[in-house]
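What follows is one structure encoded as structure tokens, with my remarks underneath.
Coordinate-derived values only; no laboratory data. Computed from a prediction, not measured in an experiment: that's the story for all the values here. Cβ placement follows ideal geometry from the backbone for every residue including glycine, while neighbour counts extend to all protein chains displayed.
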Amino acid sequence: MKRKLLTSFSLAALLCLSASAQTVKLNGVGHNNRYDDGEQMKSQYLGWNSTLQKSIFIVDQGLYTMTWDGSALTTPTKEPPVNKADIKGNNDKELWASNFNMMYGNSGTLYVDGKLITIMSRDEQSTTDEVLFAVRKWDAKTGDLLSTEYRPKSDCLESAGMAYNPKDGKIYGLFYLTEQKLSEEFTEDPDFFVDEDGDSSDEDAGYALCELNPQTMKITPITKGLYYYNFITFAINSEGRAFALTSGASSAPEGEDGRQRDINGNLVGAQLCEFDLTTGLMIRNAVQKTDAETGEIYTDYEFPLSATGYSSQFRRQSACFDKNNPNKMYWNGYFNSGKGINEYGSWTTLSDKEWRTNGKYDTALYEIDITTGVATRLSKIANRWTFSAMWVDGADVSDGANIEITGSNEPTDGIYLALQHADNGSIWQQVEMGKQYTYYLQPANGWVINSVTFNGNELEIKNGSYVTTPAINANISRLIVTFEETAVNAIEDIQEETSASPVKVLGKRGGIIVNNADGKQLSIFNAKGQQLVTQQVKGEQTSVELAEGQLYIVKVGDKVMKIRL
């Protein structure tokens, strides 16, 4: 099934701008997976570390930097550097260097305020369907791994890019939503929707502008429908304006200025789009046109900005802004559309191993004037490096924003089960993959067990006190116990209940779920007694987002529960 958010567009031909002479240092998460001998990142084996009980490798992946001085671009180099002589024999440094093997953002990487979130799509053939995304959080200066977790396929964390908006302090991204049904509000608007197979009831997949909670990794769609463009970048400038590039490949010849144009002289290639962060819609101009054959007048929607003039592949790319220059976007794109020129002078698909001579898959640094959409190629990038995220060193729009991405400190050196049972902390138990664990739960006087959840799913409580986890299938799992305060008639005559009420408060990553409380008043307090939430529950189930690592008192009607997330 194919759907479109707009019927057609036309591109305006505009004059290009000359390259800026400003010196800028760009940092990024290396994503070079194009070598002469295949697509695998290179690594150097250091040996078996008996203390860490793991093999240690030095890998090419990690943090890189390059500098453009107005005339030349330096070769991307790893920063901080990883040298065999400096790390060999030091357990901490060996583990640190080896962890770069996991700094792989093939589903997108976010830079925000000195921290990184890399999202890696996992192969469903090598693991369970429920575990698709590996989410890792890093210190962008030191390269230290801060946390690791695995997210289900249904979280839809594949993105064309993510970025921080300095105007509202939120993080946005273009996320690829799978198994999503479009709302009637969207499908019934003929100006924005064309259902080419005539069936709007089935499920489909495409991009939507979403807000991202970096602690819980939950996305909230803003766009009412889905976009069926191949987006390749997403970035927000210091004015809070959001831009994306679409992939665009053209066989049009390059002009004297290096840009490609169609037969009418219009620039072609990757298209620069601007998004409205409130509605999630691309900004376009409505234009009245007349059908040449029928004479019928119709409304078309055109991009107000030109295409860049440069072809680009549908592969992982990145873009960013210097906070001091909101009109210039830096783009790590490709040098061409992935084709080379054969001995007869024709464009054709050539073997990847010939890239050094044919230019296939070469990458380049561009700057894009967002007032026009026109790009300027600054330089090829040595060794055809690409980056899953890129930011201007010391001048990113998120720097100094004090954004917390981890929520809580988690161990990264093994497989753990966090036992979260109130009051002032968690117990992290080291466990084994594939095994189940049974616990006996003993509430304090005046309390009973309300619910027990394992990774957000409620567990059965056997004989009133025992719970058994499913088989451990992730590096970090959580067993969350909610306790309910028992009712009393009077201080002199305490009469405790022996079982919990029908109302259930279930703990999960980044919040709680309240079941069986339709029509009741819900109030949530922190450990200091400050009220955080008050609302009337509507429906049999309601969800509330809460920060992790804190104790909460949850009151539902006359029932009081205690939970630590």
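Things worth noting here:
- Residue pairs exceeding 32 angstrom between C-alpha atoms, taken from K42/K170; K170/K538; K115/K520; K42/K328: K42/K170; K115/K520; K42/K328.
- For the range 263-302, the Cα gyration tensor yields ellipsoid semi-axes of 25, 18, 6 Å (square root of five times each eigenvalue, largest first, whole Å).
- Amide hydrogen proximity for G333: with H placed 1.01 Å from N in the peptide plane, the residues at 5 or more positions away or on another chain lying under 5 Å are A364, Y366.
- Between the amide H of L146 and those of K137, W138, D139, distances stay under 5 Å, these residues lying 5 or more places away or on another chain, with hydrogens modeled in the peptide plane.
- Total formal charge among the other residues, if their Cβ is under 15 angstrom from that of G539, Lys/Arg +1 and Asp/Glu -1: +1
- Near V374, once Lys and Arg are set to +1 and Asp and Glu to -1 for all other residues with Cβ below 14 Å from its Cβ, the sum equals +1.
- Summing charges over neighbours of G557, with a neighbour being any other residue whose Cβ is under 11 Å away from its Cβ, gives +1 when K and R count +1 and D and E count -1.
- Pairwise FRET efficiency - D86 versus K528, Cβ, R0 = 45 Å, nearest 0.05: 0.45
- Over the range 513-565, all Cα pairs binned in 10 Å intervals from 0 give whole-percent P(r) values of 25, 59, 15, listed from short to long.
- For the peptides 326-333, 386-393, the ranking by packing is 386-393, 326-333, with the highest mean count of neighbouring Cβ atoms within 10 Å listed first.
- 32 Å Cα-Cα threshold exceeded, pairs from K25/K84; K93/K508; K54/K78; K84/K508; K84/K218: K93/K508; K84/K508; K84/K218
- Eligible lysines near K167 by straight Cα distance, threshold 16 Å, same-chain separation 8 or greater: K323
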